[in-house]
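The block underneath contains the structure these notes are about, expressed in C-alpha cells.
Taken together, the values in this text are just the output of simple stated rules run on the coordinates, not laboratory data. Because the structure is predicted, anything quoted here is derived from the model rather than measured. Don't worry about glycine lacking a Cβ; one is built from the backbone with ideal geometry, like all the others, and counts go over all protein chains shown.
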Amino acid sequence: MNSSVTINGIRSFRRIALAFGLLVLLPCVLSLINITFAHHWKIHFFPAAIFLAAVCFGPAGGLAAGITGSLYSAILLGNPYLLIGNALLGLMTGVFFRKTGKVIPSVGLAFACQLPWLVVTDFYFVGLPAVYIAKLTIVLFLGNLLWALLIHPAVGPVKKYLC
C-alpha cells in the first residue's frame with residue numbers, strides 16, 4: 001500500500017473527526033455557559049458555535065450544531081421547540097452564507113427566518129406573554145449580532161483550519 005495515501009487518509013480522518021467533534025461537542029459545551037444581566041436575561045454562548053458550524057460546514061453543519069447546542073436548554077426548560085428554532089437558525093445561516101459569503105447579514109437573515117417560529121411557539125404553545133416575547137426577541141437579536149460581529153474576523157482562519 002502506498003504510504004502517502006495511508007498518511008493522507010489518516011490526516012483526513014483526523015481532520016474530519018476533529019471537525020465533527022467541534023460541530024457536536026462545542027455547541028453542547030457552550031450551551032452550559034450563559035451570562036445573566038438585567039432582569040434575568042441571558043446571553044447564550046452556543047449561537048457562536050452554530051454560526052461557526054454553518055459557515056464552515058454549510059446548512060447541514062448549522063442544522064446539526066443548532067440541534068446539539070439547544071438540546072440542554074430544551075431539556076432544562078421543557079421546551080422542545082427550541083431544538084427546531086435553533087436548527088432553523090443554523091440551517092438558514094448556512095444557506096445565506098453560501099449565497100452571500102458574509103457572516104453578519106447571513107446571521108441577521110437567518111434570525112428573521114427563525115423569528116416567526118419563535119413567536120408562534122412561545123406564544124401559542126409555551127404560553128409566554130407577548131411583552132416577554134418582544135423583549136426576548138430584542139435580547140436574542142443583540143446576542144446573535146454580537147456573536148456574528150465576533151465571529152466575522154475569525155471565519156477565514158477557522159475555515160482554513162477545519163475545512
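Cα gyration tensor of the stretch 52-131, axes a ≥ b ≥ c as square roots of the eigenvalues: rounded (a/c below 1.5), prolate (a/b > b/c) or oblate? Verdict is oblate for the stretch 52-131. Distance between the pseudo-spin-label points of Ala17 and Leu142 (7 Å out from Cα toward the beta carbon): 4.3 nm. Helical content of the chain, expressed as a calculated mean residue ellipticity at 222 nm, amounts to -27500 deg cm²/dmol (DSSP H runs of 4 or more residues, -39,500 (n - 2.57) each, divided by residue number, nearest 500). Shape class of the stretch 1-112 from the alpha-carbon gyration tensor: prolate, with a/c at 1.5 or above and a/b greater than b/c.
Student exercise: in the stretch 3-162, how many lysine pairs 8 or more apart or on different chains have Cα atoms under 23 Å apart? Counting lysine pairs in the stretch 3-162 gives 5.
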